[in-house]
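Right, one structure below, let's go through it.
Derivation of every value follows stated rules applied to the coordinates shown; laboratory data play no part. Every value quoted in this text rests on a predicted model; they were computed, and no experiment measured them. In this analysis, Cβ positions are derived from the backbone assuming ideal geometry, glycine residues included, and neighbour counts consider all displayed protein chains.
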Amino acid sequence: MEDSPLAPVGALEMVVADYRDDKHGADLLALMDHYSRDPYGGGEPLSELCHRELLGRLAEFPGAFSVLAYRGDEALGLVNCFMGFSTFMCKPLVNIHDVVVNEKARGLGVCTLMMEKVAEVARERGCCKITLEVLEKNHPARGAYLKCGFKPYALDEEFGKAEFWQRYL
């Protein structure tokens, strides 16, 4: 474990965010800005549009939920999730869209605890799996996700692993 000025993992609390709560909202936006400024998040500040509208849009979006990691009143981590559906399993699933751990809290197990909270919510909602995407060269994130039980998706290794593609509209 890397050196860190923070207390050990046991001092952390995981909460499902209330998008209309002032503290949760401010913490979510601050962590999203932290992530956005990171090279793996694009290297730019979070847009003014997101600062103005993200919380309201998340609150109105069916199936959206976020997990915040706190040490006392300090928010150290965030996972933004969206409900989806597995046609092959005929059950809902959770897709993780953003994972943020404050730089000073990395190596303390924050990601692991947040992922366990996401899994708890997913089980409560009758989900069959949790999915996420990760950049192939984001080795720290890949290592953390492997530790949490995630692995690349393949129906049959003969056909290769699934890739995440996108098309902007």
**Asked** Antiparallel DSSP bridges in segment 9-152: what percent, to the nearest 5?
**Response** 90 percent
**Asked** Cross-link partners among lysines for Lys23, C-alpha distance below 21 Å, same-chain residues fewer than 8 apart left out?
**Response** Lys104, Lys117
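In debye to the nearest 20, how big a dipole does the chain give about its Cα centre with +1 on each Lys and Arg Cβ and -1 on each Asp and Glu Cβ? It would help to have the intermediate numbers written out before the result.
Details: 19 positive and 26 negative charges, 80 e Å.
Its charge dipole is roughly 380 debye.
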**Asked** Measuring from label point to label point, each 7 Å out along Cα→Cβ, what is the His97 to Trp165 span in nm?
**Response** 2.2 nm
**Normalised alpha carbon radius of gyration of segment 9-152 [divisor 2.2 N^0.38 Å]** = 1.01
**Asked** What whole number of Å gives the distance from the Cα centroid of segment 78-110 to the Cα centroid of segment 118-169?
**Response** 9 Å
**Request:** Return the aspartates and glutamates within reach of Lys161: Cα separation strictly under 19 angstrom, same-chain partners fewer than 8 residues apart disregarded; answer none if there are no such residues.
**Result:** Glu133, Glu136
**Message:** Please list log₁₀ I(q)/I(0) at q = 0.18 Å⁻¹ for segment 129-169, using the Debye equation with identical point scatterers on the alpha-carbon positions.
**Reply:** -0.62
